[in-house]
Each structure stands twice: as structure tokens, then as C-alpha cells.
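Bear in mind these aren't lab numbers, they're just calculated from the coordinates by the rules spelled out. Please read all numbers here as calculations on a predicted model, not as lab measurements. Ideal geometry is used to build each Cβ from the backbone, glycine not excepted, and the neighbour counts take in all protein chains shown.
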Amino acid sequence: MTARVGIRWMLPFTLAWLVIWTVQLTPVQLLLPLQLNTTGEDWISGVVWSGLVLGVGGLAGIIAGPVAGALSDRSRTATGRRRPWALGGIWLAAVCLALTGFATGPWMVGAGWVGVSVGIAVASAAFTALIADQLPASQRGAASAAVGSSQAVGIVFGVGVVVLLGLGIVAGYLVLAVLIAVVGTIAALVLPDPPAQPGELPPSTAPQRHLSSFRDRDFSWMLAGRLVTNIGNALGTGLFLFFLLHGLGQPVDEAETNLLLLIVVYTVFVVIASVATGMISDRTGRRRTLTVACACIQALSGVAIVLVPTYEMTMVAAALMGLGYGGFSTVGLAFATDLLPGDRDNARDLGIVNVTAALGQLLGPLIGAGLVALVGGFWLVFTAAAVLSLAGALTTWAAREPGSPRVPRSSREPRPAAR
């Protein structure tokens, strides 16, 4: 049985995720929109370019994450299975952040952002695998809460540093690059990562084995629900700056300040929901119901803005979005670890889980840009956010909890008991 871990494990793990989310979401929320923003009657083209850049980066991440995870599952280095991949992803992201800061034009910015997305996906796959590698089921909710709450705190920290210190675009990217290079490297070196034993390595590299996870009914439904709900979240949050600028007509300086306030409200409720639902799910073990309920709460945020499109109601919507998404991301990740189809491909499978979340966050602005261009405004974006959040809740409900009656599985390893 896997032994429980303490603060000496949880602290560097949390710091790793804090810098990962900071360097991923600060550009998504602020730096990339500022780089690609256009003014006057041509403002929609800036929204569209921003969506395209984020979408292409998401596509690169969806390929890189599972591939790096599968390779780390098979690594035999003396320094461990996960650490080399974590360090490689961290340094790739750091270098490409600096290059993105100096890039001009959407094509060069997009090329730099693809490198950042790949680096983040590789590092994320390695760090997420540590949950299944080293934690008992009774602590997976707590670790998932660290991941979820770090996401919200990372946005506030990153955007707050850029806005409050008055950093320009280049300076903002350079600060992020140094941050992930230093803190990410320290976390990767401090976290334990013992070399894999022969019995822990996947026994086969046959092509059909790489698709085995998708043949698991419950794991596939969980992945689909996670992707759809994250798209709904990104539709609601990814275009906040553009909504303030062009939907509510606020000046740039006012919009940047109000964006920071919205993110602070969002973060407070994400942290509250992450901690509370993580503890509840660890005690009850009933993760599916909590995950579905939180996705439904997220849907209410889109409805609120559609009905009353004001800055005050946007603040209320940010609170609802944080409450719903904080719980969904935390308990949903713990639910995913419970549903892992086997115990020898943890990094590969959790890399896929990570990618569904990251891809949803990066596809949201792309889809949202198309919806804005279609109607020349933002009401359809927030309507779609509500609808997709509800669809994600229904899809997640289709995945059965471990221990529930299941359809028979074919030609695969039995899933180990989660509790």
C-alpha cells in the first residue's frame, strides 16, 4: 500500500503547479490579447488572431502531453522516470516564453506560443503522474486541490505582477520565463522520483496498447466531460479582456484594472471550492456527483452575463465561474485518477487527462473568437459557455464511479481498486 506523504512533498508539488499555471494563463488572459489586439472597426480581427494562436498551441499540447507521458512511463534513467521530462518541459517553456515576448506579428507570436504549450504539456504530464505514482487514494483529492487552487492563484499572481508593476509585454514574458526556470527546476529536483522497477514498466509497446485507455468506457466518458466543461470555462473567461474593451466599451487602462479585479474574485472562489470539495471527496469517495454539480454551477455564470451584461453582473458571474470550476477541476482530477485503466501507464493516461483540460482552455478562445465574429458581439459566447458546461456535466455523469456495476472489459488489465 502506498504511504501517505506530508508537507515536504505537497509544498514543492504545489509550487510546481503554481508556476505552470502562472506562465500558461497569464499570457492567455493578458499578454497575448494585448500583443494581438487591434483597435477601431477592425477590433474583431484581433479577437480572431488571439483565438487562432491559442487554438494552434492547444493542438500542439494535445499531441505532446500524452506522447511525453507514454515515454516517461518507459524511462529507465537513474534520475527517475518523471524528473527528466519535467525539467525538459520546464526549460522548453522558459526559452519559448522569452522568444514569444520578442515576437512581432501573429505568425511569430503563434510559433513562440506553440513552443510554450508543448513545454507546459510535457512538464504537466510528468508532475501529474506523481499523484498516481506516489499517493494513496485518500490523498489524491488533496493533491488535486493543490493543482486546482494553484491554477486560480497563478492567474492572479501573474496578471497582478504585470498590471501592478506596470510591466510591458516583453518584460512580462521575461519575468514568467525566469519564474518557471527557477521555481520549476527546484520543484522537479526536490520531489522524489525513484527509478522504475522492472515490474512497474509497461510490458508492451504494441500500437493497440496505446489506444487501450480509450476502450475503457468510463475513462472515455470522463475525458469527454472534462474537455467539454473546460471549453465552457474558457469561453466564459478567455475573452474577458476583449469583453471589457469591446463589449462594455472600457478604456485599456480601466479594462486591465477591472480584469485584475475579476480574476481576484474568480480566484477566491476557485480556492474555496477546490479546498472544500477536495476534502469532501477524500472523505466520501463519491467524486462523480460533486464533479457534475460543480459543472452545473459553472453554467449559471454564462446565464447571468447573457441576462444582465454589465460589469457588476460580470463580477457575480466570475464568482459563480470560480465556485463551479474550482470544484470541477479538483474533484474531476481525483475522479480521473480513480478511473485510470491500469497502473503501468499512469503518465500517459494522466497526460491525456491534462491535455483535455489544457485543450479545452485553449480551444475556448478559438471557438469564442468565431462566435464573436459571427454575431459581432459577446452574447453568443456566454450562451455557448452555459450550454457546454451543462453538456460536460451530463457527459461526466455517464462515467460510473469505481465500485459501481460496469460493462465487461475486453483484453485489458483489470483496474486496481481506488480505495
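For the charge dipole of the stretch 241-326, defined by +1 on Lys and Arg C-beta atoms and -1 on Asp and Glu C-beta atoms about the Cα centroid, which residue among Met321, Leu259, Ala273 has the Cα displaced farthest towards the positive pole?
After comparing all options, I get Ala273.
Using Cβ counts within 10 Å as a stand-in for footprinting exposure, how do Val381, Val159, Val275 rank, fewest first?
Neighbour counts put them in this order, fewest first: Val275, Val159, Val381.
Work out from phi, with θ = phi - 60° and the Karplus expression 6.51 cos²θ - 1.76 cosθ + 1.60, the ³J(HN,Hα) of each residue of the stretch 373-389, listed in order in whole Hz, and give x for Gly and Pro.
So the Karplus estimates, Gly and Pro as x, are 5, 5, 10, x, x, 10, 4, 5, 4, 6, 5, 4, 4, 5, 5, 5, 5 Hz.
Nearest 10 degrees is fine. How inclined is helix 311-338 to the longest principal axis of the chain, computing both from alpha carbons?
10
Once you charge only the Cβ atoms, +1 for Lys and Arg and -1 for Asp and Glu, what is the size of the charge dipole of the chain about its Cα centre, to the nearest 20 debye?
With Lys and Arg at +1 and Asp and Glu at -1, about 1640 debye.
Can you tell me which of Ile155, Ile352, Ile272 moves the most in a GNM of the chain? Springs connect C-alpha atoms under 10 Å apart.
Largest GNM mean-square fluctuation: Ile272.
Dipole of the chain (Lys/Arg Cβ +1, Asp/Glu Cβ -1, origin at the Cα centre): which of Thr185, Val375, Thr310 lies farthest to the positive side?
Thr185
What's the ranking of 131-138, 227-234 by average number of surrounding C-beta atoms within 10 Å, highest first?
Final packing ranking: 227-234, 131-138.
Nearest 10 degrees, 0 to 90: what angle lies between the long axis of helix 169-179 and the longest principal axis of the chain (Cα atoms)?
Long axis of 169-179 versus the principal axis of the chain: about 20 degrees.
Once the convex hull of the C-alpha atoms of the chain is built, how many Å³ does it hold per residue, rounded to a whole number?
Normalising the Cα hull of the chain by residue number yields 124 Å³.
Go ahead and estimate [θ] at 222 nm for the chain from helices alone: -39,500 (n - 2.57) per DSSP H run with n ≥ 4, summed, over the residue count, rounded to 500. Walk me through the intermediate numbers first.
Details: 15 runs with 304 residues, N = 419.
When only DSSP H runs of four or more count, the value is -25000 deg cm²/dmol.
When a footprinting reagent is the concern and you count Cβ atoms within 10 Å, what order do Thr22, Thr14 take, fewest first? Before the final figure, lay out each step's value.
On the way: Thr22 25, Thr14 18.
Lowest count first: Thr14, Thr22.
Per-residue HN-Hα couplings for the stretch 239-252, Karplus 6.51 cos²θ - 1.76 cosθ + 1.60 at θ = phi - 60°, whole Hz, x for Gly and Pro?
10, 4, 5, 5, 5, 5, 6, 10, x, 9, x, 7, x, 4
Helix 7-26: angle to the longest alpha-carbon principal axis of the chain, degrees 0 to 90, nearest 10?
The angle comes out near 40 degrees.
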